[in-house]
Amino acid sequence: MKLAVCIVHNRDRNKLTDEMLKAGFKFTVIGSTGGFLREGNSTMLVGLEDEQTDTFKQIVQDNCQAREQMVNVMPFEAAPPGAFIPSPVKVPVGGAVLFFLNVDEFVRY
Ligand code: 2BA
Ligand code: 2BA
């Protein structure tokens with residue numbers, strides 16, 4: 001068994017969870033914040049059987065679009081008065097970031 005940790009943009013969350021439910025996956029959604037953009041994203045914990053991983057990856061790939069987002073390199077509140085504020089830069093964001101961990105034991109009571 002594997003535990004997938006899947007971080008997705010909030011805009012893709014509902015579409016992805018709908019498709020995961022349709023495919024019969026069980027999962028837990030945690031509200032999270034990206035360390036770089038400091039914006040809300042969603043982290044899904046998905047316990048799945050090894051043979052389900054390819055189907056899961058395909059569903060994530062089909063439902064999470066990569067996009068570009070403008071970001072201020074230095075937050076305005078962090079800039080000293082009169083400082084040069086650099087123009088916002090584009091960063092590629094998402095589709096989705098996935099980690100797969102091996103599960104030693106799964107128990108339900
Ligand atoms: P929920 O996803 O809200 O699920 C509540 C209950 O609904 C589940 O109880 C299960 O009986 C049923 N259920 C959930 N997904 C289903 C599906 N795709 N098809 C049919 N029935 C489904 P539990 O299995 O005791 O799970 C309680 C909570 O534990 C779940 O809340 C979820 O947050 C988490 N969970 C369960 N299995 C998980 C897994 N494989 N990976 C990650 N989180 C899991
Ligand atoms: P954020 O940390 O808000 O990052 C959003 C996007 O900004 C990233 O997209 C990446 O393109 C860029 N970025 C992040 N950190 C950067 C840095 N130190 N220097 C330059 N650019 C940077 P994604 O890579 O698609 O990541 C989307 C979200 O997934 C991240 O949101 C974070 O919450 C999570 N994530 C990504 N890689 C991770 C990792 N290795 N460990 C844990 N979480 C990760």
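The values are calculated or read from the model by the stated rules, or taken from the named source; none is laboratory data. Note that this is a predicted model, so its numbers are computed, not measured. So basically every Cβ, Gly included, is an ideal-geometry build from the backbone, and we count neighbours across all protein chains shown. All accessible areas refer to the heavy atoms of the entire protein, side chains included, with ligands and DNA or RNA removed. Shrake-Rupley method; radii C 1.70, N 1.55, O 1.52, S 1.80 Å.
Being β-branched (Val, Ile, Thr), surrounded by 13 or more Cβ atoms within 10 Å (Cβ to Cβ) and either modelled with pLDDT under 95 or more than 12 Å from ligand 1 (Cβ to nearest atom) (or both) narrows it down to one residue among VAL71, VAL89, VAL29, VAL5; which is it?
VAL71
Could you say which residue among LEU45, LEU37 is open to solvent by 30 Å² or more (accessible area, probe 1.4 Å), touching a Leu at 6+ places or on another chain (Cβ under 7 Å) and not in a helix (DSSP H, G or I)?
LEU45
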